[in-house]
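Notes to accompany the following structure.
The values are calculated or read from the model by the stated rules, or taken from the named source; none is laboratory data. What you see is a predicted model, and the numbers here were worked out from it, not measured in a lab. Glycine gets a Cβ as well: all are built from the backbone with ideal geometry, and neighbour counts include every protein chain shown. The accessibility values were calculated without ligands, DNA or RNA, using every heavy atom of the protein model including side chains. Shrake-Rupley method; radii C 1.70, N 1.55, O 1.52, S 1.80 Å.
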Amino acid sequence: MDQLSYRKVWQLAGPNIISNILMVSISFAHLWIVAPLGSEASAAVVTGGRIHFLLMAAAMALSVATTAVVARAWGAEDTSEASAATTSSLSLSVFISIILGSVTYLCADQMVGLFKLDPASSKMAADYIRPTAILNIVFAITLTIATSFRAIGDVMRPLVFTAYSTILGILGSYAFLYGKFGLPELGISGIPWGTGLGQSLVLLWFFLHWLTRRYVLKPKPSEAFNGDRLSQLIQIGAPAALEQILIQSSFLLFMMLVAGYGTAAFAAYGIGITVLSVCIVVGLGFGTASATLAGQHLGALDPEGAIANGWMTMRLAIICMTIMALITYALKTPLAAMLSIDPEVRAHTEYFILILAVVQPLMAIEFAIGGALRGAGDTRYPLFVTFAGMIVGRLSIGFAVAYMGYSVEVMYAVIIADYAIKALLLVLRFRSTAWLEAAGKHLPLAVQSVAGVGREPVRAYAVEHPEE
């Protein structure tokens with residue numbers, strides 16, 4: 001493996017951060033596009049966006065498993081296994097996205113009803129959710145492809161794809177919303193249609209090149225439904241899926257608590273979460289880098305390297321996200337003004353951005369250390385950590401705040417407890433090295449197969465771990 005260095009971490013994290021910021025800029029663009037339509041339209045887009053993230057929970061969980069399996073195979077120098085794992089992940093993502101998309105489409109009205117929005121906001125939110133459910137397969141495939149290439153260290157290709165899909169998606173959303181450039185005026189429902197169209201065009205380009213075997217990761221149709229590999233992806237991904245469902249569900253429950261303070265407070269929370277998402281994707285960039293390095297080093301039988309890279313990534317993430325926190329706080333007023341025309345919404349948004357600045361160093365720890373654990377295949381403990389932070393830290397305190405009638409500002413501040421609990425538990429886990437034992441239970445098929453034993457790292461692993 002390459003020599004340990006902050007430069008190596010940044011080479012992986014930097015392009016990932018840019019890619020993630022581009023993806024989040026779509027959410028910003030959606031709010032900016034609908035801002036002239038009033039707080040009801042903003043609330044509808046916020047609600048639809050939350051449902052979309054819940055819908056994507058399974059794809060996000062699968063991306064965790066894909067990173068672990070593909071990175072391990074790549075670290076063991078088995079390109080064929082990495083390609084097979086990518087193909088299996090794509091087939092699984094298609095299957096899951098179709099099922100979840102169908103359920104969401106049929107239950108759109110019931111999901112929106114949970115938020116108790118006004119009739120106009122509810123109707124627009126349902127109009128947003130239905131096409132999102134149909135296009136879920138496009139979003140899921142896009143994420144799986146990007147994850148596979150990042151797992152082998154190719155972070156530039158996903159960046160280029162993301163840049164094109166972002167530009168096309170924003171233009172398409174604007175055009176379909178207002179009926180520009182000769183396209184039909186679809187209203188709120190035009191936003192996801194435009195985004196999906198942009199990503200579909202980029203996906204078409206990718207598949208034309210992938211099927212003609214122009215990438216190092218090549219299609220392996222015969223391995224698409226390999227039972228052992230699918231089982232491995234599910235075993236690693238299942239806890240991550242539960243974690244994502246818990247995260248998104250708790251977000252929804254917390255949003256319901258905030259909704260009790262009125263439309264302005266609800267819209268401000270949604271806008272603040274959109275601002276937070278920019279900061280989150282910086283953390284996700286470090287989390288992806290940490291997961292990739294942990295998987296590759298463990299695949300190359302270098303646990304010391306996996307540990308060292310985890311701590312280095314955490315330190316670099318804390319520095320970068322603290323700088324982001326200061327910048328975000330300094331720009332709180334223009335950000336609030338850009339994303340809403342309502343004075344009350346702007347005031348709430350500015351306060352919420354202050355809370356976000358406080359939690360960002362804690363988020364840096366969560367993403368960097370959590371990413372290392374997931375990249376090693378230890379996905380159960382992060383599930384426990386998420387449960388502790390969300391249920392004990394956020395929802396329990398949140399319900400108490402609502403019951404005692406405290407202000408919405410106090411409700412916003414509840415998220416500090418959530419991130420503080422998660423950061424503490426993750427650091428304790430990583431220091432214990434118990435996660436390395438969990439990592440040994442999820443060896444790549446390259447190690448387990450006859451095809452893999454010809455490579456030195458695999459042979460060494462077989463000698464050192466005969467019980468596996």
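With respect to the conditions (1) surrounded by fewer than 21 Cβ atoms within 10 Å (Cβ to Cβ); (2) under 24 Å from W311 (Cβ atoms); (3) of a type in the set (V, I, T), I397 falls short on a single one, namely (2). For first residues located in the range 383-406 and in contact (Cβ under 8 Å) with a residue 12 or more places away in the chain, partners that are outside any helix (DSSP H, G or I) and crowded, with 18+ Cβ neighbours inside 10 Å and lie 6+ apart or on another chain with Cβ distances below 8 Å form the pairs G393/V414; R394/V414; I397/V414; G398/V414; V401/V414.
Scan the range 156-195 residue by residue and report those that are surrounded by fewer than 23 Cβ atoms within 10 Å (Cβ to Cβ), under 22 Å from T47 (Cβ atoms) and not aromatic (F, W, Y). Scanning the range 156-195 gives I170, E185, L186, G187, S189. Taken together, H442, H465 contain a single residue that is at pLDDT below 75 and either under 23 Å from the mean Cα position of the chain (by Cα) or open to solvent by less than 50 Å² (accessible area, probe 1.4 Å) (or both), which is H442. Do we find a residue being open to solvent by 70 Å² or more (accessible area, probe 1.4 Å) and basic (K, R) anywhere in the range 328-340? Taking every residue of the range 328-340 in turn, none turns out to be open to solvent by 70 Å² or more (accessible area, probe 1.4 Å) and basic (K, R).
When only residues in the range 69-100 that are surrounded by fewer than 21 Cβ atoms within 10 Å (Cβ to Cβ) and among the small types (G, A, S) count, which is nearest to A140 (Cα to Cα)? Among those that are surrounded by fewer than 21 Cβ atoms within 10 Å (Cβ to Cβ) and among the small types (G, A, S), it is S91.
Set side by side, the residues V414, V385, V392, V408 differ, and just one is aliphatic (A, V, I, L, M) and surrounded by fewer than 17 Cβ atoms within 10 Å (Cβ to Cβ), which is V392. Within the range 152-179, residues that are more than 19 Å from I33 (Cβ to Cβ) and aliphatic (A, V, I, L, M) sit with their Cβ atoms under 8 Å from residues that are open to solvent by 40 Å² or more (accessible area, probe 1.4 Å) and not in a helix (DSSP H, G or I), at 6+ positions apart or across chains, in these pairs: I152/V216.
Exactly one of (1) closer than 30 Å to L383 by Cα; (2) open to solvent by 50 Å² or more (accessible area, probe 1.4 Å) is unmet by L211. Its number? For L211, the exception is condition (1). Of the helices (runs of 4 or more DSSP H) that lie entirely inside the range 227-333, those containing 3 or more residues that are modelled with pLDDT under 80 span 227-259, 263-299.
Just so you know, in the range 369-382 the residues that are small (G, A, S) and either surrounded by fewer than 17 Cβ atoms within 10 Å (Cβ to Cβ) or modelled with pLDDT of 85 or more (or both) include one that is nearest to A300 (Cα to Cα), and it is A372.
The helices (runs of 4 or more DSSP H) found wholly in the range 348-444 and carrying at least 2 residues that are in contact with a Leu (Cβ under 7 Å, 6 or more places away or on another chain) occupy 380-387, 396-403, 415-432, 434-439.
Screening A146, A125 for residues that are part of a helix (DSSP H, G or I) and either more than 27 Å from Y215 (Cβ to Cβ) or basic (K, R) (or both) leaves exactly one candidate, A125. Mind checking whether some residue in the range 264-282 is surrounded by fewer than 20 Cβ atoms within 10 Å (Cβ to Cβ) and over 25 Å from T162 (Cα atoms)? Among the residues of the range 264-282, not one is surrounded by fewer than 20 Cβ atoms within 10 Å (Cβ to Cβ) and over 25 Å from T162 (Cα atoms), which makes the answer no.
Given the options A294, A240, A289, name the one that is farther than 22 Å from L117 by Cα, touching a Leu at 6+ places or on another chain (Cβ under 6 Å) and open to solvent by less than 20 Å² (accessible area, probe 1.4 Å).
Step by step, each of A294, A240, A289 is checked, and only A289 is farther than 22 Å from L117 by Cα, touching a Leu at 6+ places or on another chain (Cβ under 6 Å) and open to solvent by less than 20 Å² (accessible area, probe 1.4 Å).
The residues listed here are A44, A73; of these, the one that is farther than 22 Å from Q199 by Cβ and modelled with pLDDT of 80 or more is A73. The sole residue among A146, A120, A140, A151 that is closer than 30 Å to F266 by Cα and surrounded by 20 or more Cβ atoms within 10 Å (Cβ to Cβ) is A140. Residues that are open to solvent by 10 Å² or more (accessible area, probe 1.4 Å) and more than 30 Å from Q232 (Cα to Cα) within the range 46-68 comprise V46, G49, listed in sequence order. When L233 is tested against the conditions (1) over 24 Å from I170 (Cβ atoms); (2) more than 21 Å from the chain's Cα centre (by Cα), the lone failure is (2).
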